[in-house]
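These notes concern the structure reproduced below.
The values are calculated or read from the model by the stated rules, or taken from the named source; none is laboratory data. Just so we're clear, the structure is a prediction, and the values are computed from it rather than from any experiment. A quick note on method: Cβ atoms are made from the backbone with ideal geometry, for glycine too, and the neighbour counts reach across all protein chains shown.
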Amino acid sequence: MNTLRSVALGSLVPLGLAMTLGVHVEPDQFNLSADRLNGVWVTDSAVSVRMGFPEAQETLEFRKDESFLRSIPESLSSQLQQERIYESGILVSRKDGAFVFSAPYLLTSKSGNSHLLLLHESNGVPLSGVKSANLFVAPGRERHQDLLLMGGDSEDGALRPFRRSHSEGELSSNQ
């Protein structure tokens, strides 16, 4: 996914301040992104064209899941100790209907913005690498009218627009 960037988390946590309690989710009922992220999102074609993006159809499915948290290696876990994790789960990405990737994610905050950390294998160690993106969920009057903007993790990173899929359960069984 081109909207993600590899990051080094070392700059996020001062050395020596990490605790060894492991990674855990600390929900916040007022965090809109965590409250409304779960589900299936598809490219919003009309908004994408208006923003200058190509018309490729991308689908993102966010599934809440905490089962992988204990598998995060200590090298990364210690760096995440000072991060509040609002949600964890699995992200499944498809482009033009074809499977692209599936990865565990952590929803955190960076500079006041919702920040998605995708975990991947690095140097042969599972869940030790991180790619990141900013994301924003704009709630519609009804849940099916929500808008998701997701993209680069810098202030000039373009955000791709997604809308909720009309049939949210359609992908859950077909990885």
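Every condition in (1) more than 15 Å from the chain's Cα centre (by Cα); (2) under 21 Å from Val25 (Cβ atoms); (3) modelled with pLDDT of 95 or more holds for Ile85 except the one numbered (1). Scanning the stretch 96-143 for residues that are in contact with a Pro (Cβ under 8 Å, 6 or more places away or on another chain) and small (Gly, Ala, Ser) yields a single hit, Ser128. Apart from one condition, Ser78 fits all of (1) assigned to a strand (DSSP E or B); (2) in contact (Cβ under 8 Å) with a residue 60 or more places away in the chain; (3) of a type outside the set (D, E, K, R); the exception is (1). Closer than 18 Å to Gly129 by Cα and among the hydrophobic types (A, V, I, L, M, F, W, C): does that describe Leu60? So Leu60 does not fit the description; no. Considering the conditions (1) farther than 29 Å from Ala46 by Cα; (2) within 16 Å of the chain's Cα centre (by Cα); (3) at pLDDT below 95; (4) surrounded by fewer than 20 Cβ atoms within 10 Å (Cβ to Cβ), Gly157 is excluded by exactly one of them, (1). In the set Leu91, Leu106, Leu116, Leu76, only one residue is surrounded by 14 or more Cβ atoms within 10 Å (Cβ to Cβ), among the aliphatic types (A, V, I, L, M) and over 16 Å from Met150 (Cα atoms); that residue is Leu76. When Leu147, Leu76, Leu127, Leu69 are checked against the criterion of being under 18 Å from Trp41 (Cβ atoms) and not hydroxyl-bearing (Ser, Thr, Tyr), Leu147 stands alone in meeting it. Answer yes or no as to whether His166 is exposed (fewer than 13 other Cβ atoms within 10 Å of the Cβ) and either without any contact (Cβ under 8 Å) to a residue 12 or more places away in the chain or of a type outside the set (A, V, I, L, M, F, W, C) (or both). Judged against the criteria, His166 is a match. The set of residues from the stretch 132-160 being in contact (Cβ under 8 Å) with a residue 60 or more places away in the chain, touching a His at 6+ places or on another chain (Cβ under 8 Å) and not in a strand (DSSP E or B) comprises just one member, Asp153. Inclusion of Ser132 among residues that are modelled with pLDDT under 95, surrounded by 13 or more Cβ atoms within 10 Å (Cβ to Cβ) and within 10 Å of the chain's Cα centre (by Cα) is warranted.
The set of residues from the stretch 108-131 being in a strand (DSSP E or B) and at positive phi comprises just one member, Leu127.
Out of Ala46, Ala56, one residue alone is in a loop (DSSP other than H, G, I, E, B), aliphatic (A, V, I, L, M) and surrounded by fewer than 13 Cβ atoms within 10 Å (Cβ to Cβ). It is Ala56.
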